[in-house]
1. How many residues are in contact (Cβ under 8 Å) with a residue 40 or more places away in the chain and either in contact with a Lys or Arg (Cβ under 8 Å, 6 or more places away or on another chain) or not small (Gly, Ala, Ser) (or both) when one looks only at segment 29-41?
2. For the condition surrounded by fewer than 15 Cβ atoms within 10 Å (Cβ to Cβ) and at pLDDT 85 or above, what is the one hit in 45, 53, 6?
3. Could you tell me which numbered condition residue 434 fails, if it satisfies all but one of (1) at negative phi; (2) in contact (Cβ under 8 Å) with a residue 12 or more places away in the chain; (3) not aromatic (Phe, Trp, Tyr)?
4. So, residue 453, is that one of a type in the set (A, V, I, L, M), under 30 Å from the mean Cα position of the chain (by Cα) and surrounded by 14 or more Cβ atoms within 10 Å (Cβ to Cβ) or not?
5. Residues of segment 559-569 being over 26 Å from the mean Cα position of the chain (by Cα) and modelled with pLDDT of 85 or more, which ones?
6. Considering only segment 107-136, how many residues are in contact with a helix residue (DSSP H, G or I) (Cβ under 9 Å, 6 or more places away or on another chain) and at pLDDT below 90?
Amino acid sequence: MKKEIKIITSLILFLIAIIFKFNNTKINLILYIISYILVALDIIKKAIKNIIKGELFDENFLMTIATIGAICINEYKEAVAVILFYQIGEYIEDHAIEKSKKEITSLMNIRPDYANLLINNEIKKVDPNKIKIGDTIVVKPGEKIPLDGIVIDGTSYLNMVALTGESIPKYITVNSEVLSGVVNMNGLLKIKVTKKFKESTVSKILALVENASSRKSKSEKFITKFAKYYTPTVLLLALLLGALPALITKTNYHDCIYRALSFLVVSCPCALVLSIPLNFFSGIGASSKMGVLVKGSNYLENLSKIDTVVFDKTGTLTKGIFKVKKINPINITKEELLMYAAHIENYTTHPIGIAIKKAYNKKIDETKIKEIKELPGLGIKAKINNHNVIIGNEKLMEKNKIEYKKDKEAGTLLHIAIDKNYKGNILITDEIKEDAKITITKLKQKNIKKIIMLTGDTLENGTSVGKELGINEIYANLLPQNKIEKLEELLKNKPKRSKIAFVGDGINDSPALAITDVGIAMGKLGSDSAIEAADIVIMTDELTKIINIIDLSRKTMKIVKESIIFAILVKILVLTLIALGASSMWEAVFADVGVTIISVLNSLRLLKVNKKLQIKEKTNE
């Protein structure tokens, strides 16, 4: 028989017995007993199974002892009421939890069921796990992209909502990189697969969502420990309450046992054990709605306590898209200087090298390039057209004892020397992100005490960006290991209960993301390092989502504290009243089931929080 039918049948029999009050007490007794068995049998079975496992002090055990005890002292009505309303409460709680899980599952409904594999101009529908790197797949309009890849034919718009929370469709064409989990809206696409399914974006996100609950917050760990010691303590108090008053004050044994049984009903820590994890689960669900992936409730709790935010500069506060702003030649033409720079940067994948090659915009003759060597932290040297060429920073010029021209203009200055003669420099600049300034301003409004920038760039460039954004504490000329050292220093000297967040691009900043209290990766969702190293991944490059997730974390902790305080205060109040004989088992039912339902419903408010945050963001714009 289904749980709902058992509860309804039990409730009907219980109400018949109360309303009609049959003269024949046996009929009433039979109605109560049948009503009790319908709803109590499952709980009694669970209690016995848990006792065999060694799990003695749980709510099933307490409810079984309390209700059987009530029957033994002829309090049939109370016995049925307690177990019946407990089951009704459990049913409502299960329904509420299921609703929240469905909402979160629908948000992350990005798992593809199949992939259209193209073989000899024929399409075969196969399991995404069977697709190999280099295979070509076809994605029709309305279908999810099953694996990460590059478009080799077709144009279309992609619905990115499930993955990034971004409502504006993204236009893609040939050579566009696409991520699994998004929906193809209109065009037919042929995609060359670049990652196996288990390594794809969709698989990594689903794994992180599934494992998020395993990373418990301090609040959840506290509740688990609390329940472990709390339940046996109140069980002992119930035994004392059932025996001592009768021995000391000669109180009626029936009344003492009744109080002890009511005490047991109240002692169930369901409201705390169930609602607190659900609060965090709902918070993680709400964050995914806004396009932010939180790996565990502990990170959500830590984020609510941050008072320092440390930013990487390039790719985080700036776009990381470099361009040649100025060419300053000496005894050489601009075209010649750019030609030497482009040829020596030919094999690099660094954004600055790419900017130089883009500015040159001509085919590079690789036969002119010989003996190329990268000089870490300095630059590059090579033979171009049989000339010894070096390109790099001031340190490279000083090391080679070459007199160079200094320039204080903001940007990255690449100095070039040919055959040990200084031939000029090229100024490279990086644009600041549009929402960077408003993010820094809002962080200050959120009482973030320190906002710090760490950069490998020059102090002049760092100061220029910091001044424009309103960041006063800047550390420049840092190599990756220097960033780690600075972060470790900040972590060591921080106040005891405060937390530090580091925001980086998730590629070069992986070590920094890993060691800080809360590592936040900006964009770069397709990057393995972003997903693996960061605690929180913002699925777009929107810096303002840092504000939204901080607001959500604080709202989550507020609701968690409300649930804890409300549940404990109500239980203490009712336990005190029962001990004094001023409360009955009916109040005990409310203190357990009622408080649990209220706490669970309170936690579901978090699923709606992101809508308010998005409205607030639009209003501010």
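1. Residues that pass the stated criteria total 5.
2. Sole residue among the options that is surrounded by fewer than 15 Cβ atoms within 10 Å (Cβ to Cβ) and at pLDDT 85 or above: 45.
3. With (1) at negative phi; (2) in contact (Cβ under 8 Å) with a residue 12 or more places away in the chain; (3) not aromatic (Phe, Trp, Tyr) applied to residue 434, the lone miss is (2).
4. Numbers: of a type in the set (A, V, I, L, M): yes; under 30 Å from the mean Cα position of the chain (by Cα): yes; surrounded by 14 or more Cβ atoms within 10 Å (Cβ to Cβ): yes.
So residue 453 fits the description; yes.
5. Hits for segment 559-569 are 566, 569.
6. Result for segment 107-136: 7.
Results for (1) in the same structural domain as residue 535 (by TED's automatic domain parsing); (2) of a type in the set (S, T, N, Q); (3) buried (at least 21 other Cβ atoms within 10 Å of the Cβ); (4) out of contact with any helix residue (DSSP H, G or I) (no Cβ under 9 Å at 6 or more places or on another chain), shown as yes or no for each residue.
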position	(1), (2), (3), (4)
299	yes, no, yes, no
303	yes, no, yes, no
339	no, no, no, no
347	no, no, no, no
356	no, no, yes, no
362	no, no, no, no
365	no, no, no, no
370	no, no, no, yes
375	no, no, no, no
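Conditions tested, residue by residue: (1) in contact with a strand residue (DSSP E or B) (Cβ under 6 Å, 6 or more places away or on another chain); (2) at pLDDT 65 or above; (3) within 30 Å of residue 279 (Cβ to Cβ); (4) surrounded by 16 or more Cβ atoms within 10 Å (Cβ to Cβ).
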| site | (1), (2), (3), (4) |
| --- | --- |
| 180 | no, yes, no, yes |
| 190 | yes, yes, no, yes |
| 193 | yes, yes, no, yes |
| 214 | no, no, yes, no |
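The values are calculated or read from the model by the stated rules, or taken from the named source; none is laboratory data. In this text, all values refer to a predicted model and were calculated from it rather than measured experimentally. Cβ sites come from the backbone with ideal geometry, for glycine too, and all protein chains shown count toward neighbours.
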